[in-house]
Every structure is written in C-alpha cells, then in structure tokens.
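The values are calculated or read from the model by the stated rules, or taken from the named source; none is laboratory data. Nothing here was measured: the structure is a model prediction, and the numbers come from that model. Because the Cβ atoms are built from the backbone with ideal geometry, glycine has one as well, and the counts that use them run over all protein chains shown.
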Amino acid sequence: MLLIFILPAYIANSTPVIFGGGTPMDFGRKAWDRKRCLGDGKTWRGFIAGIAMGTLAGAAIAGLLGNNFYVWLGFLLSFGALAGDAIGSFVKRRLSMTRGSPMFAIDQLPFFFFALAFASPLYLPSIEGIVFLALLSYLLHVVTNFAANRLGLKRVPW
Ligand code: CTP
Ligand code: MG
C-alpha cells in the first residue's frame, strides 16, 4: 500500500520540528557566495532524530506485516527525506533566501523525491503512484506546517 510505503518518510520529515536544534549541520560555515551553506534550520540532532524515528516507523510496519524488508525501506526513505530537506535548504541559501523564508515547491518536495530516490533500489511505485504521492506530500506538508505553527511548534506556518 502506497500510504504505508511512504509513512516513514513523513515521520522522518516531521520529527526535527520537535527534536531539532543544537549544532547546525554546516557548523555555521559559509559557502563560496559568503552565505550559509545550509543555515541554522538544519541541525545534526534533527537529522539523526528524523532518521531514527523514520527507521523506527519502518520497524513497526515490518513487525505488523511480518516482513523485515520494511526496516530497510524505512531507513532509506528517512535518510533520503532528511538529505533532500537539507539539499532544499542548500538551494534556498544559494538563492539568498534566509532561514525560514517561504519558497514554493522547494519547501515541500525535495524530502519526498529524495526519499523516493534513496528507496528506489528496494522499491519504486508506479508513475501514477509517484504523481499521487507527490501531490499528497505537497498538500500534507502545507497543512501540517500550518498546524505546527498554530500549535506553537514552528515559528512560521510553512
Ligand atoms: N530542523 C532541524 N534539523 C533538520 C531539519 C529541521 O533541527 N535537519 C528543525 C529546525 O528547527 C527547523 C524546523 O525543524 O527550523 C523546520 O524545518 P524547515 O522548515 O525545513 O527549516 P527552516 O527553519 O524553514 O529553514 P529553511 O529555510 O532552511 O528551510
Ligand atoms: Mg521551512
């Protein structure tokens, strides 16, 4: 099932909002353009916690379905999601957008497409499935970030 498949990526991507903070992944360094590589919004704690929680979700699914395959799938989806999220921030910084500024598509989609790419050696949905999940991921990202802002978990609603 498509929703079960992508669930670890969603868990991984939302975990840093709660557990993130601390040392930034770029250690405060600037790139060649003298702007931050990734910015303070991408931290090691968020990265590790996201991969851990997403993999745990994969392990839970594996337990329920009696198939260890989902542990590996969960790990790859989570690793891809967090890597894609960081790459999105890298792109934003190169375009001179400060941490937390809203950017259409780059805020919502890299986590999904990188999760998909990292998991693709194990499993890739059909093209229709990918289009459906991309739309769902976009919508869920918008809705959940709005909710996280209202709940006081996130300072901006995107
Ligand atoms: N976060 C984190 N570590 C990560 C990813 C996210 O600590 N690897 C936390 C940060 O507190 C971040 C929050 O989750 O502010 C929301 O993530 P996101 O919206 O992706 O970051 P932004 O702060 O909006 O920064 P950017 O402009 O780089 O997207
Ligand atoms: Mg953001």
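Just one of (1) touching a helix residue (DSSP H, G or I) at 6+ places or on another chain (Cβ under 6 Å); (2) within 11 Å of ligand 1 (Cβ to nearest atom); (3) outside any helix (DSSP H, G or I) trips up Pro102, so point out which.
Answer for Pro102: the failing condition is (1).
Give the residues of segment 34-46 that are touching a residue at least 24 places away in the same chain (Cβ under 8 Å) and within 14 Å of the chain's Cα centre (by Cα), sorted by residue number.
The answer is Gly41, Lys42, Thr43, Arg45, Gly46.
Look through segment 121-158, keep the residues that are within 16 Å of the chain's Cα centre (by Cα) and not in a helix (DSSP H, G or I), and return whichever of them is farthest from Phe111 (Cα to Cα).
The qualifying residue farthest from Phe111 (Cα to Cα) is Lys154.
So is Val71 of a type in the set (Val, Ile, Thr), under 17 Å from Trp158 (Cα atoms) and without any contact (Cβ under 8 Å) to a residue 24 or more places away in the chain or not?
no
Return the only residue of Ala57, Ala81, Ala31, Ala49 being touching a Pro at 6+ places or on another chain (Cβ under 7 Å) and either on the phi > 0 side of the Ramachandran plot or in contact (Cβ under 8 Å) with a residue 40 or more places away in the chain (or both).
Result: Ala57 is the single residue among Ala57, Ala81, Ala31, Ala49 that is touching a Pro at 6+ places or on another chain (Cβ under 7 Å) and either on the phi > 0 side of the Ramachandran plot or in contact (Cβ under 8 Å) with a residue 40 or more places away in the chain (or both).
So the check is Cβ under 6 Å with 6+ separation or different chains; which pairs have a first residue in segment 93-106 that's within 16 Å of Gly28 (Cα to Cα) and a second one that's more than 12 Å from ligand 2 (Cβ to nearest atom)?
What qualifies is Arg93/Lys35; Arg93/Arg36.
Quick one: which of Leu116, Leu151, Leu135 is surrounded by 13 or more Cβ atoms within 10 Å (Cβ to Cβ) and either in contact (Cβ under 8 Å) with a residue 12 or more places away in the chain or away from ligand 2 (no atom under 13 Å from the Cβ) (or both)?
Exactly one of Leu116, Leu151, Leu135 is surrounded by 13 or more Cβ atoms within 10 Å (Cβ to Cβ) and either in contact (Cβ under 8 Å) with a residue 12 or more places away in the chain or away from ligand 2 (no atom under 13 Å from the Cβ) (or both), namely Leu116.
Listed here are the residues, each with its yes/no results for (1) surrounded by fewer than 19 Cβ atoms within 10 Å (Cβ to Cβ); (2) out of contact with any helix residue (DSSP H, G or I) (no Cβ under 6 Å at 6 or more places or on another chain); (3) modelled with pLDDT of 95 or more.
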| position | (1), (2), (3) |
| --- | --- |
| Lys30 | yes, yes, yes |
| Cys37 | no, yes, yes |
| Thr43 | no, yes, yes |
| Phe47 | no, no, yes |
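Can you pull out every residue in segment 62-84 that is within 8 Å of the chain's Cα centre (by Cα) and either among the aromatic types (Phe, Trp, Tyr) or surrounded by 21 or more Cβ atoms within 10 Å (Cβ to Cβ) (or both)?
Listed by number, the residues that qualify are Ser78, Gly80, Ala81, Leu82, Gly84.
Name every residue in segment 42-56 that is part of a helix (DSSP H, G or I) and over 12 Å from Phe79 (Cα atoms), in order of residue number.
Passing the criteria: Trp44, Arg45, Leu56.
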